[in-house]
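To start, the structure itself, in structure tokens.
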Amino acid sequence: LADAAFCAALPKAELHLHIEGTLTPAQKLALARRNRHAMASMTLEQIEQTHHFGGSGSPEVDLKQMLDCYYGGIELLSTRSDFFDTALAYLDQCHREGVRYAEISFDPQAHTSRGVPMADVVVGLYEALQYGRATWGVQAQLILCINRDRSVDSALATLDEAAPYRECGWIVGLGLDSNEAGNPPSKFVEVYRRAREQGYRLTAHCDVDQVDSVKHIWQCIELLGVERIDHGINCLEDPDLIEQLRQRGTCLTACPTWRLRDPQPRRVERIRAMLQHGLRVTINSDDPGLLASGTLGRMLPRVAAHGRFTRAEMAQFCRNAFQGAWIDGPTQAAY
Ligand code: HPA
Ligand code: ZN
């Protein structure tokens, strides 16, 4: 079996991580004080209380509650330095936990819609990536996530605004996140078509146990042409879909994360089943600041113990992540 020391020593990669979801209550309070935000008048305990979501009994409502907390904290990020500091704190943690490579998602619309310039978001994040690489040798790339509960026009305008950063290679991929109910992948066909033309690598969320999840996963591969699916656990309900994902080598970025009210890792048996089906499934922390599971390095030994995973299985999750990573050419040989 894979013990904590084995998990710590594994070279790790993280493909599903929202930078806005890395903010812990303490980080939120520090940003609120610095930016003179109303949250500065709250105590740390009061902010921690807002992180107690979920457990409604409905996966849709739980996701909505989680997103309310997530987007409630997002307005603490407003300057280039806020983005730089937040990304650097995450990369520092990667370095300490043996995460050698990370693909970091960010939600530009949630910032630009508040008047934060796209340049401050992207340049702040990208400068942290350069600093992290130079200081710790941790490699990372950026994924621009479209908020699926906003309009297609807003998504297309966001692609236009981000085009200069895509052209110079500062953004590697496009994702799709936020509230899935009523916002199927099929809504974004035109957005994905344009992004593909601009050279983006493509992924999209199909969150766990959402209505029509299987249908959404099919839409992602057939209509959007994604190479990866974020979550995608419900593929297990359709044998034809499993076969299709296996043949395509689609990477599925699963998150066995747990909330404050959950005593244990979640979704572990389904993630094991995905591995046993030969799917390219990986383990990720998603929103380590919001979720009790925390960072990848902290979560992995708990998942290994709870699922009684062998060393070979834990290593396979990590190998899958490096294989699913959007690294081209000679860099990949380093892994
Ligand atoms: N699902 C959808 N949107 C998100 C998530 C998630 O898990 N985390 C941050 N934005
Ligand atoms: Zn996510």
Checking the conditions here, which among 179, 183 is without any contact (Cβ under 8 Å) to a residue 40 or more places away in the chain, within 16 Å of ligand 2 (Cβ to nearest atom), not in a helix (DSSP H, G or I) and not aliphatic (A, V, I, L, M)?
183
Among the residues that make up the stretch 267-283, is at least one of them under 21 Å from residue 106 (Cα atoms) and in contact (Cβ under 8 Å) with a residue 24 or more places away in the chain?
yes
Quick check on the stretch 62-71. Is at least one of its residues surrounded by 21 or more Cβ atoms within 10 Å (Cβ to Cβ) and at pLDDT below 95?
no
The stretch 272-289, residues that are out of contact with any Cys (no Cβ under 6 Å at 6 or more places or on another chain) and within 16 Å of ligand 2 (Cβ to nearest atom)
281, 282, 283, 285, 287, 288, 289
Does residue 226 satisfy the criteria of being at pLDDT 95 or above and either in contact with a strand residue (DSSP E or B) (Cβ under 8 Å, 6 or more places away or on another chain) or at positive phi (or both)?
yes
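For every residue, the table says whether it meets (1) part of a loop (DSSP other than H, G, I, E, B); (2) modelled with pLDDT under 95; (3) buried (at least 24 other Cβ atoms within 10 Å of the Cβ); (4) touching a helix residue (DSSP H, G or I) at 6+ places or on another chain (Cβ under 7 Å).
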| residue | (1), (2), (3), (4) |
| --- | --- |
| 203 | no, no, yes, no |
| 208 | yes, no, no, yes |
| 245 | no, no, yes, yes |
| 281 | no, no, yes, yes |
Please work out which residue is nearest to ligand 1 (Cβ to nearest atom), limiting yourself to the stretch 210-243 and to residues that are of a type in the set (Gly, Ala, Ser) and surrounded by fewer than 24 Cβ atoms within 10 Å (Cβ to Cβ).
213
Subset of the stretch 172-186 (residues that are within 16 Å of ligand 1 (Cβ to nearest atom) and surrounded by fewer than 16 Cβ atoms within 10 Å (Cβ to Cβ))
182
Does residue 4 count as out of contact with any Asp or Glu (no Cβ under 8 Å at 6 or more places or on another chain), aliphatic (A, V, I, L, M) and surrounded by fewer than 21 Cβ atoms within 10 Å (Cβ to Cβ)?
yes
Considering the stretch 87-105, residues that are assigned to a helix (DSSP H, G or I) and within 15 Å of the chain's Cα centre (by Cα), and then whichever is nearest to residue 36 (Cα to Cα), we arrive at 87
Could you tell me whether any residue of the stretch 115-123 is farther than 26 Å from residue 92 by Cα and crowded, with 19+ Cβ neighbours inside 10 Å?
no
So residue 145 fits all but one of (1) buried (at least 21 other Cβ atoms within 10 Å of the Cβ); (2) within 16 Å of ligand 2 (Cβ to nearest atom); (3) not in a strand (DSSP E or B); what number is the exception?
(3)
Restricting the search to the stretch 1-26, which residues are touching a Ser or Thr at 6+ places or on another chain (Cβ under 7 Å), within 16 Å of ligand 2 (Cβ to nearest atom) and more than 13 Å from residue 103 (Cα to Cα)?
22, 23
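The values are calculated or read from the model by the stated rules, or taken from the named source; none is laboratory data. Note that the coordinates shown come from a computational prediction; the quantities given were computed from them, not determined experimentally. Quick reminder, even Gly has a Cβ in these numbers, built from the backbone with ideal geometry, and neighbours come from all protein chains shown.
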